[in-house]
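Below is one structure; the comments refer to it alone.
The values are calculated or read from the model by the stated rules, or taken from the named source; none is laboratory data. In this text the structure is predicted, and so the values were computed from the model without any measurement. With ideal geometry, Cβ positions are generated from the backbone for all residues, glycine too; neighbour counts draw on all protein chains shown.
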Amino acid sequence: MTGTALPISGTAGPPRKRPQSLSAWNDRHFKWVLVAPAVSLVLALSIYPLLFSLWVAFVNYDFSVPGHAFVALDNFRRVVTDPVAIHSVGVTLGLTVANVAIELLLGLILALAMAKTFRGRGLVMTVLIVPLFISPVIVGQFWALLLQRPFGPTNFLLGKLLGHEVTISWLTEAPWNFIAIIAADVWQWTPFMFVLLLAGLTSIPPHIYEAAELDGVDAWQAFWWLTLPQLMPMILLAVTFRLLDAVKLFDVIFMLTGGGPGTSTYTVSYYLYQVGFQQFHISQATAGSWIFLIAITLLIMLLVQRLLRPEAPR
Amino acid sequence: MAQVKITGLKKNYGAYAAVKGIDLAIPDGEFTVLVGPSGCGKSTLLRTIAGLETITEGTIEIGGEIVNDVRPRDRDVAMVFQDYALYPHMSVKRNIGFGLKARKFPAAEIDKQVNQAAALLGIESLLDSLPKQLSGGQRPRVAIGRAIVRNPQLFLFDEPLSNLDAQLRDEMRGEIKRLHQEIATTMIYVTHDQIEAMTLADRIVLMREGLIEQQGSPLDLFERPATHFVAGFLGSPKINFLSGRLRRLPEGDAVALDGDSTTLPLAKSRRTDAIPNDCPVVLGVRPEHTTRASGERPAEGMLRLTVTIELLQPTGSRTYATFRLGGEPVVAELQAHDVSRIGESIPVDVDLRRASLFDAQTGQAI
Amino acid sequence: MNATARNATPSPGPRRKRRPRWTADLGRFLLIAGFVIFVIAPLYWVFITSIKPSEDYLAVPPVWFPKEPTLTHYNAALFAYRGLNGLINSLVISSAATVLSTLLGTLMAYSLARFNTGGQHLSFWMLSQRFLPPVAIIMPIFLLFRTYHLNDTYVGMIVVYTVFTLPLTVWMLSAYFQQMPASLEEAALVDGCSRWQAFLSIAVPLAAPAIAAAMVFAFIACWTEFFFALILTGRNAFTLPTIFRAFLGFQGAQYGEASALAVVSLLPSVALGMLAQKHLVRGLSLGAVRG
């Protein structure tokens with residue numbers, strides 16, 4: 001064999017004609033063939049209705065009134081000047097922050113406690129995750145049954161504990177109704193935080209703690225300097241996911257307080273539901289929905305896009 | 001069996017050019033090794049030949065047919081992947097027979113072919129195992145079995161031994177070489193390991209940054225590297241590079257090291273007309289070309305030096321001894337008992353006729 | 001191993017203000033036990049209520065375990081409150097939507113994972129669907145369904161739930177396909193498969209466990225969904241959760257019936273959830289975290 005390339009005499013033939021089979025066409029457009037069904041279905045059920053609703057938001061759409069008069073921004077104005085709407089935004093924000101904060105704290109403590117293996121840990125895990133698989137409506141029902149006067153046992157147990165009779169109207173009396181709502185949400189979603197944070201904890205390499213121990217770091221320092229920073233991506237992910245769900249709070253309100261007393265526990269979702277489907281101010285509800293949608297979309301763009309880059313925790 | 005001809009091949013990933021223009025002709029039946037550091041484009045080149053990557057520019061011909069737009073399944077090539085890509089949910093038998101089944105061979109024929117391939121590779125007893133039950137040395141055999149059973153016109157290997165330990169790697173290298181001798185089909189083999197390249201190849205294609213740096217027989221590349229890079233890439237321990245300047249002296253050309261403190265005369269036969277006097281050059285001296293001096297006078301073309309040993313790395317049969325020449329460390333591959341301790345001064349003969357000389361600026365051999 | 005676990009191991013160093021091991025262990029035990037009780041208490045109360053005779057409802061102190069358990073509330077929940085119809089509707093709608101969503105989702109997930117189809121935008125768009133508030137898009141869907149007579153039908157609910165669960169399926173499976181080596185399908189391509197064959201005979205069988213898990217999570221999502229069902233169903237296609245409207249405010253004090261229905265509706269999803277417990281982390285994080 002010599003050092004130079006062996007010359008190969010003119011081998012370049014014309015490309016052989018291959019039949020344009022369906023299979024070959026499929027292969028070439030494979031990736032688009034795969035996404036087409038799912039994407040068209042989602043488009044049909046989100047883009048078209050959204051465009052339609054954009055029109056609805058600018059007209060007077062009412063089942064009882066024929067014709068759809070263009071009313072410009074009237075519907076939007078009616079929403080943003082509605083004191084109930086403004087109040088519902090406050091309630092939503094307050095409940096969201098309280099719920100997510102409490103769930104994060106409890107979830108973190110629980111995850112730290114559960115990170116070490118012990119006998120029966122598997123069973124405990126299985127019990128702790130049960131709330132995740134229960135419909136929020138039923139969770140609302142649960143807490144209604146627990147708190148409802150005179151049936152629920154909560155007041156009785158509190159009375160025993162405090163040594164005097166307790167007669168709290170949990171579902172109709174501020175601030176107890178808010179506490180009831182938070183209790184139900186915390187019951188259902190603390191396991192969410194717990195499961196994700198536990199997964200984050202167990203993926204921290206144990207060697208760094210051994211190294212830290214040799215460096216004379218105590219447990220508290222190890223938590224602040226090692227555990228928390230390592231866990232941070234997972235905390236951000238879990239909080240983001242929870243935040244985006246928590247702002248949609250509806251089911252528990254529906255079952256526990258019905259927005260009451262009065263409109264004091266209206267969340268944004270509950271408000272829009274009331275306006276649209278109980279009072280049938282369809283255009284006003286649609287306008288409100290658009291405002292809500294834009295706010296959530298901004299929130300998604302802000303929180304999720306940054307989170308779900310390839311370097312997100314894996 | 002088929003020859004492969006690649007013309008003006010380019011492959012870009014967005015703005016990044018992985019392959020920047022390759023012309024390569026591989027004759028029928030030859031064992032060609034594509035070698036180079038990671039990121040040199042060798043794997044990309046192989047994958048374009050398999051049809052797993054589209055190409056940006058140029059043509060690929062297999063067996064005289066341009067296959068640019070031919071799907072992998074229709075190219076009649078077989079490939080052994082770096083991780084072997086054994087289908088975890090199929091037995092060894094079904095793994096090996098999968099290609100035949102996909103081509104709708106009758107079951108009896110598949111059985112016969114699979115058994116033949118298994119016999120050739122000595123894995124008959126494993127046919128009913130699942131891939132996860134195989135040992136490190138059995139996996140590449142099954143992967144090779146899956147390739148040969150189809151009797152393709154071209155074999156492609158993508159670093160098939162890089163996940164094995166040293167001993168298995170040596171063993172499998174031998175088997176692949178034997179396989180090629182037996183079936184004599186064109187094979188293209190990608191590796192970053194220069195020893196694999198040297199031992200397996202009929203022809204080495206050494207790549208660097210998406211281009212071919214040099215191609216030729218293994219010994220050709222080893223003994224007559226076209227560039228500084230080739231000389232440095234091949235050979236273990238690595239070749240010694242000595243930077244200096246070319247001196248045209250009355251008694252002949254020489255390389256002056258370390259501001260003329262040391263002058264190494266070049267062989268009379270070496271032509272240096274291409275470069276001017278005082279041109280910065282790099283002299284490449286392989287460790288095995290420095291030996292412990294014996295006899296009164298050095299043989300023709302040898303340079304005798306007395307050196308002080310700074311570092312010793314015994315390997316058993318050989319001892320690598322480091323000394324300084326013109327201020328730069330030089331490794332010599334000596335016999336085990338040529339030198340006994342650090343600090344010892346011994347006479348060595350350096351074979352300057354077999355040294356390589358490179359232009360320091362262009363890296364090209366002179 | 002974690003910070004808490006480190007409490008237990010002694011370490012050298014000058015500053016050793018460590019509580020003894022048993023205190024830490026006791027603290028951990030109390031914490032976990034407290035939370036277990038917090039989780040179990042409502043479940044227990046609801047179960048007890050569901051088998052408690054109506055006379056025991058208002059007893060003081062509360063009846064913690066009825067002397068004469070009864071199944072009459074289950075009977076009432078299933079028949080008087082049409083719980084059985086709701087169960088069947090939920091089953092049909094959730095199953096069909098799950099199958100459809102898995103089918104379409106697997107295809108799309110594979111395309112996103114292997115070919116990065118549509119770049120970041122397509123996959124992000126799909127994900128954002130998951131976080132859109134139902135209340136913001138329900139009005140146009142309601143009007144659309146009204147036009148096409150899809151309100152209160154199986155077909156309408158199946159379509160809505162398919163779309164509702166698609167982001168979950170796509171993201172979970174896409175993450176799974178991404179971590180499967182592409183070389184397996186490439187080997188199949190070289191071996192003589194078309195893209196479809198490589199997908200169906202190599203990628204899908206290998207992803208089977210993840211696909212099964214995705215199905216479980218999609219089913220649970222449909223089974224527990226309330227809002228869409230509340231708006232889009234009526235007397236015909238109503239699902240289990242919507243029946244709980246009947247117990248609002250407990251005007252008739254139907255505690256037993258409400259509890260019985262709650263038990264009936266939570267059992268299937270909880271049982272399924274436990275089956276897929278191994279994949280829980282993947283499911284909750286939409287595949288962003290490997291379980």
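In this entry, B:Ile22 is excluded by the filter for residues that are assigned to a loop (DSSP other than H, G, I, E, B), among the β-branched types (Val, Ile, Thr), surrounded by 15 or more Cβ atoms within 10 Å (Cβ to Cβ) and modelled with pLDDT under 95. Looking at (1) more than 9 Å from every other protein chain (Cβ to nearest Cβ); (2) within 25 Å of the chain's Cα centre (by Cα); (3) surrounded by 14 or more Cβ atoms within 10 Å (Cβ to Cβ), can you tell me which one A:Arg78 breaks? Unmet for A:Arg78, out of (1) more than 9 Å from every other protein chain (Cβ to nearest Cβ); (2) within 25 Å of the chain's Cα centre (by Cα); (3) surrounded by 14 or more Cβ atoms within 10 Å (Cβ to Cβ): (2).
Screening A:Gly122 against (1) surrounded by fewer than 18 Cβ atoms within 10 Å (Cβ to Cβ); (2) at the interface with chain C (Cβ under 7 Å from one of its Cβ atoms); (3) of a type in the set (Gly, Ala, Ser) leaves a single unmet condition, (2). Which residue pairs have Cβ atoms closer than 8 Å, lie 6 or more positions apart in sequence or on different chains, and pair a first residue in the stretch B:354-366 that is under 9 Å from B:Thr227 (Cα atoms) with a second residue that is of a type in the set (Ser, Thr, Tyr) and part of a strand (DSSP E or B)? Pairs found: B:Phe358/B:Thr227; B:Gly363/B:Thr227; B:Gln364/B:Thr227; B:Ala365/B:Thr227; B:Ala365/B:Ser356.
Could you please let me know if B:Thr263 is of a type outside the set (A, V, I, L, M) and without any contact (Cβ under 8 Å) to a residue 24 or more places away in the chain? Here the answer is yes, as B:Thr263 does meet what is asked. Take the residues in the stretch B:237-284 that are part of a loop (DSSP other than H, G, I, E, B) and hydroxyl-bearing (Ser, Thr, Tyr); name whichever of them is farthest from the chain's Cα centre (by Cα). Out of the qualifying residues, it is B:Ser261. Scan the stretch A:199-218 and give yes if some residue there is at the interface with another protein chain (Cβ under 8 Å from one of its Cβ atoms) and charged (D, E, K, R), otherwise no. Yes, the stretch A:199-218 contains at least one residue that is at the interface with another protein chain (Cβ under 8 Å from one of its Cβ atoms) and charged (D, E, K, R). Might you let me know whether the stretch B:266-274 holds any residue that is farther than 13 Å from B:Val348 by Cβ and among the acidic types (Asp, Glu)? Yes. Just one of the listed residues (C:Ile243, C:Ile202, C:Ile220, C:Ile158) is outside any loop (DSSP other than H, G, I, E, B), more than 30 Å from A:Leu303 (Cβ to Cβ) and without any contact (Cβ under 8 Å) to a residue 60 or more places away in the chain, namely C:Ile202.
Candidates are the residues of the stretch C:140-152 that are closer than 8 Å to A:Pro49 by Cβ and surrounded by 21 or more Cβ atoms within 10 Å (Cβ to Cβ); the one that is farthest from the other protein chains (Cβ to nearest Cβ) is C:Ile141.
Please find, within the stretch B:91-128, the residue that is farthest from C:Ala198 (Cα to Cα) out of those that are in a loop (DSSP other than H, G, I, E, B) and away from chain C (no Cβ under 13 Å). Residue satisfying both the conditions and the ranking: B:Gly122.
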